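Participant: This is the structure I have questions about; it appears just below.
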Protein chains: 4
Amino acid sequence: MIRAGIVGGTGYTGVELLRILALHPDVEVAVVTSRADAGRRVDAVYPSLRGAVDAVFCKPDAATLAQCDVVFFATPNGTAMLMAEELLRQEVKVIDLSADFRIRDHHLWSQWYGMEHVCPELLAEAVYGLPEINREAVRSASLVACPGCYPTAVQLGFLPLIEKGLIDAGHLIADVKSGVSGAGRKAQLSVLMSETGESFKAYAAAGHRHLPEIVQGLQGIAGQAVDLTFVPHLTPMIRGIHATLYGRLAGDADDLQALYAQRYAGERFVQVLPAAAHPDTRDVKGSNQCQIAVHRPQGGQTVVVLSVIDNLVKGAAGQAVQNMNLMFALPEEQGLQSITLYP
Amino acid sequence: MIRAGIVGGTGYTGVELLRILALHPDVEVAVVTSRADAGRRVDAVYPSLRGAVDAVFCKPDAATLAQCDVVFFATPNGTAMLMAEELLRQEVKVIDLSADFRIRDHHLWSQWYGMEHVCPELLAEAVYGLPEINREAVRSASLVACPGCYPTAVQLGFLPLIEKGLIDAGHLIADVKSGVSGAGRKAQLSVLMSETGESFKAYAAAGHRHLPEIVQGLQGIAGQAVDLTFVPHLTPMIRGIHATLYGRLAGDADDLQALYAQRYAGERFVQVLPAAAHPDTRDVKGSNQCQIAVHRPQGGQTVVVLSVIDNLVKGAAGQAVQNMNLMFALPEEQGLQSITLYP
Amino acid sequence: MIRAGIVGGTGYTGVELLRILALHPDVEVAVVTSRADAGRRVDAVYPSLRGAVDAVFCKPDAATLAQCDVVFFATPNGTAMLMAEELLRQEVKVIDLSADFRIRDHHLWSQWYGMEHVCPELLAEAVYGLPEINREAVRSASLVACPGCYPTAVQLGFLPLIEKGLIDAGHLIADVKSGVSGAGRKAQLSVLMSETGESFKAYAAAGHRHLPEIVQGLQGIAGQAVDLTFVPHLTPMIRGIHATLYGRLAGDADDLQALYAQRYAGERFVQVLPAAAHPDTRDVKGSNQCQIAVHRPQGGQTVVVLSVIDNLVKGAAGQAVQNMNLMFALPEEQGLQSITLYP
Amino acid sequence: MIRAGIVGGTGYTGVELLRILALHPDVEVAVVTSRADAGRRVDAVYPSLRGAVDAVFCKPDAATLAQCDVVFFATPNGTAMLMAEELLRQEVKVIDLSADFRIRDHHLWSQWYGMEHVCPELLAEAVYGLPEINREAVRSASLVACPGCYPTAVQLGFLPLIEKGLIDAGHLIADVKSGVSGAGRKAQLSVLMSETGESFKAYAAAGHRHLPEIVQGLQGIAGQAVDLTFVPHLTPMIRGIHATLYGRLAGDADDLQALYAQRYAGERFVQVLPAAAHPDTRDVKGSNQCQIAVHRPQGGQTVVVLSVIDNLVKGAAGQAVQNMNLMFALPEEQGLQSITLYP
């Protein structure tokens, strides 16, 4: 059994990790930390886990965590980078669900995240954990930076077109909509039900932290500079991300449907929908799937890609476990077979 | 492997059966019927099941169904009674999720359901599938009538008090709230999102079809006549039932908390919350649990019981599979371990 | 023009007062206070009021407020009692939307609200502002305590039965459901959309602060002690209260429908629905109406009353303006004619 | 008093017309038709209108309607064109909220709406009722075609940029999100709460009927061909449209904020938000406002415009009344002063 630790077990991604790992046949959750709830039973804080998780929150402590085989950080930005080095030294694998190791250029990171990076030397070692792009690198990684939720949906959506050079990388648009759980489990006015229910708005149109991450990823695929306009929106639902992506066709694009089908043929967690379909975020709720459809309205030069994920699963905890499976040479879908709850 | 058939696979309870059975280690879904969608792939109709269910809807046909070991009816009322006799004759076990076999008195049934019962002689043979009351009878049953969603939440909530004769059976009140999926997957104006979202109302205050079923169940427990006022309400959410139950304490009631804890100590799918807790429907969403809390406000003579279930799981498909496990001598929780999706 | 002041203009009841008073033909909002937003334009904080409210928040200050004809307190409990005496001395009428003057017994008040009352001598002078019961007293009042949202829905629902002594006052049950705006505009985890959306729960079953207020009101009507079990619930919607009330018929009750129709015949803001109807909270959203239906299931001895209001209008700001109209001898419905937004 | 008739009073736009006109000081609603509900009181069908509307639905009949000064068609597409000619002949003004008279080219109309146009000769006479573009023409019109909801939000958003030739008309993108009330009040599976709640999806990516209407409008402004990619989405809320518009800056664009502020300075129903703001659909709910913000992310060449309306008010019934006010030389905001309901 793999001994796993979860740092930051009381946020939504932490609880989601607990939900998934509780049923993972090869993992034992040995440590779950929470500064605020240390000493309390997990299922007293989260009655949804009664009968499934028999654990008590403890304070985060490097020595205890070092006894794990793998430690997940489901923490606010800036926490994982404080402990990662020590854990890696003790041969504990680290999977970070926060943004600390996603951006290779630490100056750029500091600019967007508003703090200094304490271990920039680890950035070269960190593997960006989007298995559909980086599978082999993840297998041998000790430190994996899980992609953000928006970046996962956007990169998987654009990937086949950009790999083949079929769209103009200088004019990409990503209009993306997220459920409110993406804002985390924090007492803040802006995500009260009275403030977000029955309403829709864009936010951070001037620039969202996930922008440099997406650009870095797309540039890696394209092998050239990309210009992306990314506008995130808050949707009155709890889970789900829907990316609507727009690009100008630049090359020969006979059969976009076949292109997507072939690119993702072997992928367990990307499903290309039939031509003319529109994915619905409800169809991936609670599952690790990304569902994608590709359209070319009126046969014109603009291609529209629709890409949906559950922000807490493929956009966070599920993808983290997918990476863990790769790092420990387990079947990639181990523990991730749960089926979408519909309706 | 148990070969299972599902008649009426396109309603919400049918899809939920598919979701649960797809991961059940001892069951193979051999037949899924749908008059409307016959010939279509299940996952074309329900993209939520892509990658998990590899089946095609067929028309309901007794000969095909007779090759199954067990057939689930997830059909509108009045359908199961047309086919059950034939299937039972061929030694197929039948689990009916509709109301056809729930009421032992067929005159009463006809009065509430507005049609004649075509096989009243089967009513004596049918076992009411609430395992927490009828476990042994279910084990040896060939025909199980799964309880309605409201009746499950109400009976489990009242059970310990009525068994012990602690409340006045002549003055029971059940104020129950349901999510809109309880109305089924039918094109009807009253459950449009524009009609039910952001609003709350009671309905059927004059008498709901689940009333005689609940009364029959409670009378069986009480061994005497009961007088119940039952008011159902429509809540602006998709899944979940919350029953708020009121009774007048009649006997010695020292420790209601202990009473509930003891009564349900061995039950895998009933969880008694700590004193002073309030169950939340979200904490059982997608799981087969019933969570219950018992209160005695201001130490008075009125006891208040709060009981929550997921109407499509413990209130329908999950309970059906729980019954199937009992009928086939499998572990009662087989295939039902999935954990609540939170948030 | 009546010069009005609003203390606490940034909570939901404060904004609702602004919305209503902005269109009131006889009122000018002269002062709107907010400690947190002092100096900011009202419509910069609330874009919903752009073009309708041309005001700037200021700090609360007795001297400024004393220049008003009437001051509304839309503040947390414990604030109005600090300023009311001074304003009344300067002949400013005071309408308090908080709980400070609702309970006549200040010991009882302290017990439920957890603080000492600073001006208990004013309690005798305060008029409980439920016009349907206290209309004449309100007309001549200087200090009005507006009822809570739950108490408004419950008292209007029980009123006709209790006035006539038709139900057993010793066994009343009020099962009441509220939208989340009732929790106010505060950064708190429990009313995040991710925590309250798509879910339903009871809370405060052991005793909610509105209990003594309702009991006081019902006892005033009944002229005897009443025993009420009151269980509030949180519903996944923003606005609306639905009270489901249960009583045991004690007297002669030939025609409950006529009883209600007659009792409320002259009331502008109580609408008795036809027999067999079920009020829906959506039908009073944004309006000052209370809609009521009365049922006697199966002709038995239990009467069920369904009573709905918009918690922020008839349950708060609308009722406050209704009281103001009475205090200033204006038509009772002045400024309150806006029609429910449907759907 | 203007005598108004409403044909199709039972859809959401019809009810919204009733809500607005009931408080309009210069209008008497003389006739409200509904085939399905003829003979029933309006407030029996819509309890939200109790006390506000004292009318009975009648069958649509040209002779009765001809006694009105103005007739609103809140009907499915294809109905208004059957009656308009007769009413116009009798000097009744006609305001059509459906699509029958929006497209000047009747071949194009037939292609998108799947039926023949019965009075193409009226198309030249019909005035497209977007007052912010066509105010003078509306004043003297007898037949007004009210714009669709999506076209209103999109055209008002793009208008200042296109008028000035500041963006490349060959590469426009409109990513637009609508609440479910836009689908109308029809019993259809796809807008059940269980199907649309808590989920988000695009639809009609291959081409939506509002596309040719928007293109016609934008071309009229631009004076040249435009290429628009328009993707509508269904959002889990009842009311509201949010358009996110993308264009490539083509000309000199020093101060986009000033451009918008100046263009809409005199408009009563378009509000340009301060720089860096993001409009929220909740802030226009129930009001006739369009709120707009303009962004230029990272100072690049892509301009992002955010434009929100209430689809049933500025997107339908409110705009229809705004047009009526112009046609009858009333103040443009008459009857349209109601303020957004928040929260």
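Participant: Scan region A:284-308 and report the pairs whose first residue is touching a residue at least 60 places away in the same chain (Cβ under 8 Å) and whose second residue is in a loop (DSSP other than H, G, I, E, B) and among the acidic types (Asp, Glu), with Cβ atoms within less than 9 Å and a gap of 6+ or a chain change.
Facilitator: Sorted first by the residue in region A:284-308, then by its partner, the pairs are A:290/A:267.
Participant: Looking only at region A:296-325, how many residues end up being charged (D, E, K, R), closer than 30 Å to residue D:172 by Cα and surrounded by 24 or more Cβ atoms within 10 Å (Cβ to Cβ)? First the steps, then the outcome.
Facilitator: Quick first cut of region A:296-325, residues charged (D, E, K, R) only: A:296, A:310, A:314.
With closer than 30 Å to residue D:172 by Cα added as a condition, the list becomes A:296, A:310.
After this cut, where a residue has to be surrounded by 24 or more Cβ atoms within 10 Å (Cβ to Cβ) as well, the list is A:310.
Total satisfying the criteria: 1.
Participant: Report whether or not residue D:203 is of a type in the set (Ser, Thr, Tyr), out of contact with any Lys or Arg (no Cβ under 7 Å at 6 or more places or on another chain) and more than 30 Å from residue B:341 (Cβ to Cβ). Walk me through it before giving the result.
Facilitator: Working: of a type in the set (Ser, Thr, Tyr): yes; out of contact with any Lys or Arg (no Cβ under 7 Å at 6 or more places or on another chain): yes; more than 30 Å from residue B:341 (Cβ to Cβ): no.
It is false that residue D:203 is of a type in the set (Ser, Thr, Tyr), out of contact with any Lys or Arg (no Cβ under 7 Å at 6 or more places or on another chain) and more than 30 Å from residue B:341 (Cβ to Cβ).
Participant: While we're here: Give just the number: which of (1) within 21 Å of residue B:288 (Cα to Cα); (2) buried (at least 24 other Cβ atoms within 10 Å of the Cβ); (3) of a type outside the set (S, T, N, Q); (4) touching a helix residue (DSSP H, G or I) at 6+ places or on another chain (Cβ under 9 Å) does residue B:157 not satisfy?
Facilitator: (4)
Participant: Mind listing just one residue for me: the one in region A:5-54 that is over 21 Å from residue A:327 (Cβ atoms) and among the basic types (Lys, Arg) and, of those, modelled with the lowest pLDDT?
Facilitator: Out of the qualifying residues, it is A:35.
Participant: With respect to residue A:282, is the statement that it is assigned to a loop (DSSP other than H, G, I, E, B), of a type in the set (Lys, Arg), more than 14 Å from residue A:154 (Cα to Cα) and at pLDDT 95 or above true? Steps first, answer last, please.
Facilitator: Values: assigned to a loop (DSSP other than H, G, I, E, B): no; of a type in the set (Lys, Arg): yes; more than 14 Å from residue A:154 (Cα to Cα): yes; at pLDDT 95 or above: yes.
Considered against the rule, which asks whether it is assigned to a loop (DSSP other than H, G, I, E, B), of a type in the set (Lys, Arg), more than 14 Å from residue A:154 (Cα to Cα) and at pLDDT 95 or above, residue A:282 comes out as no.
Participant: Output the residues belonging to region C:8-41 that are in contact with a Ser or Thr (Cβ under 9 Å, 6 or more places away or on another chain), farther than 15 Å from residue C:65 by Cβ and either assigned to a loop (DSSP other than H, G, I, E, B) or away from chain D (no Cβ under 12 Å) (or both).
Facilitator: Those that are in contact with a Ser or Thr (Cβ under 9 Å, 6 or more places away or on another chain), farther than 15 Å from residue C:65 by Cβ and either assigned to a loop (DSSP other than H, G, I, E, B) or away from chain D (no Cβ under 12 Å) (or both): C:10, C:11, C:23, C:36, C:37, C:40.
Participant: I would also like to ask the following. So residue B:224 passes all but one of these: (1) surrounded by fewer than 22 Cβ atoms within 10 Å (Cβ to Cβ); (2) assigned to a loop (DSSP other than H, G, I, E, B); (3) within 10 Å of another protein chain (Cβ to nearest Cβ). Which condition number does it fail?
Facilitator: (3)
Participant: Let me ask something else about it. Just give me the residues in region D:42-60 being more than 9 Å from every other protein chain (Cβ to nearest Cβ) and either more than 13 Å from residue C:273 (Cα to Cα) or among the aromatic types (Phe, Trp, Tyr) (or both), in sequence order. Talk me through it step by step, then tell me what you get.
Facilitator: Of the residues in region D:42-60, the ones more than 9 Å from every other protein chain (Cβ to nearest Cβ) are D:42-43, D:45, D:54-60.
Within region D:42-60, D:42, D:54, D:55, D:56, D:57, D:58, D:59, D:60 meet the criteria.
Participant: Within region A:63-76, does at least one residue satisfy the condition of being out of contact with any Lys or Arg (no Cβ under 7 Å at 6 or more places or on another chain) and over 25 Å from residue A:328 (Cβ atoms)?
Facilitator: yes
Participant: Could you tell me whether region D:318-333 includes any residue that is under 16 Å from residue C:51 (Cα atoms), within 12 Å of another protein chain (Cβ to nearest Cβ) and part of a loop (DSSP other than H, G, I, E, B)?
Facilitator: Looking for residues that are under 16 Å from residue C:51 (Cα atoms), within 12 Å of another protein chain (Cβ to nearest Cβ) and part of a loop (DSSP other than H, G, I, E, B), one finds at least one in region D:318-333, hence yes.
Participant: Checking residue B:194 against (1) in contact (Cβ under 8 Å) with a residue 40 or more places away in the chain; (2) of a type outside the set (Val, Ile, Thr); (3) assigned to a helix (DSSP H, G or I), which single condition isn't satisfied?
Facilitator: Result: residue B:194 passes all but (1).
Participant: Any residue that is of a type in the set (Val, Ile, Thr), more than 19 Å from residue C:151 (Cβ to Cβ), modelled with pLDDT of 95 or more and crowded, with 19+ Cβ neighbours inside 10 Å - is there at least one of those in region C:243-263?
Facilitator: Just the residues of region C:243-263 that are of a type in the set (Val, Ile, Thr), to begin with: C:244.
Okay, now just the ones that are also more than 19 Å from residue C:151 (Cβ to Cβ), so none.
There is no residue in region C:243-263 that is of a type in the set (Val, Ile, Thr), more than 19 Å from residue C:151 (Cβ to Cβ), modelled with pLDDT of 95 or more and crowded, with 19+ Cβ neighbours inside 10 Å.
Participant: Enumerate the pairs (first residue in region C:223-240 and over 17 Å from residue C:151 (Cα atoms); second residue anywhere and acidic (Asp, Glu)) with beta-carbon separation below 8 Å, excluding pairs fewer than 6 apart on the same chain, so at least 6 apart or on different chains.
Facilitator: Pairs found: C:236/C:198; C:237/B:198; C:238/A:198; C:238/B:198.
Participant: Now for a separate question. For region A:56-156, list the helices (runs of 4 or more DSSP H) that sit wholly inside it and hold at least 2 residues that are in contact (Cβ under 8 Å) with a residue 24 or more places away in the chain and under 15 Å from the mean Cα position of the chain (by Cα); which are they?
Facilitator: A:131-139
Participant: Additional query: What is the residue count in region C:227-255 for residues that are over 30 Å from residue B:236 (Cα atoms) and either more than 9 Å from chain B (Cβ to nearest Cβ) or in a helix (DSSP H, G or I) (or both)?
Facilitator: The total comes to 7.
Participant: Tally the residues that are in a helix (DSSP H, G or I) and at the interface with another protein chain (Cβ under 9 Å from one of its Cβ atoms), restricting the search to region C:198-218.
Facilitator: Quick first cut of region C:198-218, residues in a helix (DSSP H, G or I) only: C:210-218.
Cutting the leftovers down to at the interface with another protein chain (Cβ under 9 Å from one of its Cβ atoms) gives us C:211.
Count: 1.
Participant: Can you pull out every residue in region D:138-184 that is farther than 18 Å from residue D:235 by Cβ and of a type in the set (D, E, K, R)?
Facilitator: Residues satisfying the conditions are D:139, D:163, D:164, D:168.
Participant: Identify all residues within region A:160-197 that are hydrophobic (A, V, I, L, M, F, W, C) and either at the interface with another protein chain (Cβ under 8 Å from one of its Cβ atoms) or surrounded by fewer than 24 Cβ atoms within 10 Å (Cβ to Cβ) (or both); write none if there are none. Quick ask: steps written out before the conclusion?
Facilitator: Looking only at region A:160-197, we keep the residues that are hydrophobic (A, V, I, L, M, F, W, C), and these are A:161-162, A:166-167, A:169, A:172-174, A:176, A:180, A:183, A:187, A:189, A:191-193.
If the condition is that a residue be hydrophobic (A, V, I, L, M, F, W, C) and either at the interface with another protein chain (Cβ under 8 Å from one of its Cβ atoms) or surrounded by fewer than 24 Cβ atoms within 10 Å (Cβ to Cβ) (or both), then A:162, A:166, A:169, A:173, A:180, A:183, A:187, A:189, A:191, A:192, A:193 are the ones that fit.
Participant: Can you name the number of the only condition in (1) over 17 Å from the mean Cα position of the chain (by Cα); (2) within 14 Å of chain A (Cβ to nearest Cβ) that residue D:292 fails?
Facilitator: Going through the list (1) over 17 Å from the mean Cα position of the chain (by Cα); (2) within 14 Å of chain A (Cβ to nearest Cβ), residue D:292 breaks only (1).
Participant: Of everything in region A:271-284, what is more than 8 Å from chain D (Cβ to nearest Cβ) and either over 11 Å from residue A:308 (Cα atoms) or over 18 Å from the mean Cα position of the chain (by Cα) (or both)? Give them in sequence order.
Facilitator: Across region A:271-284, the qualifying residues are A:272, A:273, A:274, A:275, A:277.
Participant: Right, residue B:304: among the β-branched types (Val, Ile, Thr) and within 19 Å of the chain's Cα centre (by Cα) or not? Even if it seems obvious, please write down each step before you answer.
Facilitator: On the way: among the β-branched types (Val, Ile, Thr): yes; within 19 Å of the chain's Cα centre (by Cα): no.
Against the criterion (among the β-branched types (Val, Ile, Thr) and within 19 Å of the chain's Cα centre (by Cα)), residue B:304 does not qualify.
Participant: Turning to a different aspect of this structure: Could you tell me which numbered condition residue B:268 fails, if it satisfies all but one of (1) farther than 30 Å from residue A:239 by Cβ; (2) in a loop (DSSP other than H, G, I, E, B); (3) more than 14 Å from chain C (Cβ to nearest Cβ)?
Facilitator: Here residue B:268 clears every test but (1).
The values are calculated or read from the model by the stated rules, or taken from the named source; none is laboratory data. This is a predicted model, so every value here is computed, not measured. Note that we place each Cβ from the backbone using ideal geometry, even for glycine, and neighbour counts take in every protein chain shown.
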